[in-house]
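See structure below.
No value in this document is a laboratory result; all are computed from the given coordinates. For clarity, every value in this text was computed on a predicted model and none was experimentally measured. Note that each Cβ is placed from the backbone with ideal geometry, even for glycine, and that neighbours are counted across all protein chains shown.
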Amino acid sequence: MEILVTGGAGYIGSHTCVELLNSGYEVIVVDNLSNSKRESLKRVQEITGKHLKFYEIDILEKVSLEKAFSENNIEAVIHFAGFKAVGESIKMPILYYHNNITGTLILCEEMRKYNVKKLVFSSSATVYGMPKSVPISEKFPLSATNPYGRTKLMIETILQDIYASDKEWSVAILRYFNPIGAHESGRIGEDPNGTPNNLMPFITQVAVGKRDKLSIFGANYATHDGTGVRDYIHVVDIAKGHLKALEKIMKTRGIEPYNLGTGVGYSVLDVIKNFEKATNKKIPYVISEPRLGDIAECYANPIKAKTILKWSAEKNIQDMCLDAWRWQINNPNGY
Ligand code: NAD
Ligand code: UDP
């Protein structure tokens, strides 16, 4: 079965390509390499010993994107392509709305044209805005606090409208919590540009000596140790969630959101301790001001994905730390 993966050269996309190839799918990747390198796809093929087809294409270019549909027999799409940095989205909202929303509209137009109506979409726990309580279930009210989050929310709404207009569509909306870690081979992983915004890549860069110390953004939250709590989930578990979602949408019609999280929250200090234990590396840190827009606690109720998709996270925080570290030491400067 041929699966189109938009954004397949990126962090989560590359890990998902590995799982797809290992499970016998034929993979067609579309990526403009705006936030990734061709090397990631070379390594996906090296890890799996299988070939994938790559189109260096911007999904905003309808004519180019059409080639991927006309030259292949695509049965379903996994849609990762998009920009994802919250801070950048506040500075460049037009860029974010255009890339994420127009990109998705063009993709859906092509899908409709080629009668491909099976879609797995990368959403985010950010669509829960400032949740009133934890754990967060899919029924919680949705809102967004920045342009990036609004693009995810708007795309979810667009997909609901597409399904309402044509009941042949089958869409799985996957709301990821905090993906971290890397493939256990240490060959593919997260390769941020410049200073990392996210906690784990920052920690691994401190551990490898690229940065002096970590700044912990706030230690007065109403959490067990005062630092922010998140639901960290291994990227390979996230990737496997896409295969389960794919199996589901191939058999059914409709549109459903699913949380992909572990259901367990770890504070920043918990992550540091686990990283130090897993790797024997000391992470110096200072406490600094809370980051604007951050919430105290965010973790999933993952029961819907467990019951309906038959998926749950298998890897623990030690695996996540060790695999993130292996990727970092093997590739100190990324790809
Ligand atoms: P990533 O930046 O590593 O991957 C996205 C890929 O899409 C990149 O390879 C980039 O080059 C490509 N891309 C962007 N715009 C494109 C366009 N117009 N045409 C073609 N390719 C384009 O990001 P990721 O962490 O792998 O995230 C994948 C998806 O998951 C994104 O939609 C992101 O918003 C979502 N998500 C990520 C996280 C996270 O923490 N990483 C959390 C929740 C949701
Ligand atoms: N965090 C931190 N220092 C950093 C980066 C992140 O203390 O350099 C904290 C952040 O405040 C949050 C947690 O780590 O409590 C996870 O942050 P990340 O940006 O990775 O994910 P998100 O905030 O999007 O959930």
- Query: What is segment 285-332 by shape, rounded, prolate or oblate, if you read a ≥ b ≥ c off the alpha carbon gyration tensor as root eigenvalues and call it rounded for a/c under 1.5, prolate for a/b larger than b/c, and oblate otherwise?
  - Reply: oblate
- Task: First obtain the Kirkwood hydrodynamic radius of the chain from its Cα pairs, then insert it into the Stokes-Einstein equation at 20 °C and 1.002 mPa s, and state the resulting D in µm² per second as a whole number.
- Result: 106 µm²/s
- Query: Taking N as the number of residues in segment 39-123, what value does Rg over Cα atoms divided by 2.2 N^0.38 Å take?
  - Reply: 1.22
- Message: Below 8 Å between Cα atoms, with a sequence gap of 6+, how large is the relative contact order for segment 8-79 in percent?
- Response: 32 percent
- Query: Which of the aspartates and glutamates could a cross-linker bridge to Lys84, judged by Cα under 19 Å and excluding same-chain residues fewer than eight apart?
  - Reply: Asp31, Asp58, Glu156, Glu190, Asp191, Asp231, Asp294
- Helix 235-251 sits at what angle to the longest principal axis of the chain, using alpha carbons and giving 0 to 90 degrees rounded to 10? 30 degrees
- Which of His234, Val286, Met250 sits closest to the plus end of the dipole of segment 196-335, meaning its Cα is farthest towards the positive end, when Lys and Arg get +1 and Asp and Glu get -1 on the C-beta? Met250
- Kirkwood Rh, Cα Rg: Rg to Rh for segment 48-91? 1.08
- Message: Please compute the volume of the convex hull spanned by the alpha-carbon atoms of segment 16-89 and report it per residue in Å³.
- Response: 104 Å³
- If you take the charge dipole of the chain about its Cα centre, with +1 on Lys and Arg Cβ and -1 on Asp and Glu Cβ, which of Ile295, Phe80, Gly24 is farthest toward its positive end? Ile295
- Message: With angles folded into 0 to 90 degrees, how steeply does helix 317-330 sit against the dominant principal axis of the chain? Use alpha carbons for both and round to 10.
- Response: 80 degrees
- Item | Relative exposure of Thr145, Thr195, judged by other C-beta atoms within 10 Å (fewest first) | Thr195, Thr145
- Cα-centre dipole for segment 54-114 with unit charges at Cβ (Lys and Arg positive, Asp and Glu negative), debye to 20: 220 debye
- Just need the relative contact order of the chain here, percent rounded to a whole number, with Cα pairs under 8 Å and 6+ apart. 19 percent
- Query: Rounded to the nearest 500, what is the chain's calculated 222 nm mean residue ellipticity when only DSSP H runs of at least 4 contribute -39500 (n - 2.57) each, over all residues?
  - Reply: -11500 deg cm²/dmol
- A correct fewest-to-most ranking of Ile233, Ile329, Ile136 by other Cβ atoms within 10 Å would be Ile329, Ile136, Ile233
- Task: Kindly express, to the nearest 10 degrees and within the range 0 to 90, the angle between helix 147-165's C-alpha long axis and the longest C-alpha principal axis of the chain.
- Result: 30 degrees
- Message: With 10 angstrom as the radius, rank Ile180, Ile295 by how many other C-beta atoms surround their C-beta, starting from the fewest.
- Response: Ile295, Ile180
- Query: Put +1 on the Cβ of every Lys and Arg and -1 on every Asp and Glu Cβ in segment 93-189; which of Ile136, Pro93, Gly149 then has its Cα farthest towards the positive end of the dipole?
  - Reply: Ile136
- In debye to the nearest 20, how big a dipole does segment 213-324 give about its Cα centre with +1 on each Lys and Arg Cβ and -1 on each Asp and Glu Cβ? 420 debye
- Task: Please report, in cubic angstrom per residue, the volume enclosed by the convex hull of the alpha-carbon atoms of segment 233-335.
- Result: 152 Å³
- Message: Relative contact order for segment 8-150: what percent, with Cα pairs under 8 Å and sequence separation of 6 or more?
- Response: 22 percent
- Simple spin-label estimate for Tyr335 and Lys53 in nanometres, 7 Å along Cα-Cβ: 2.0 nm
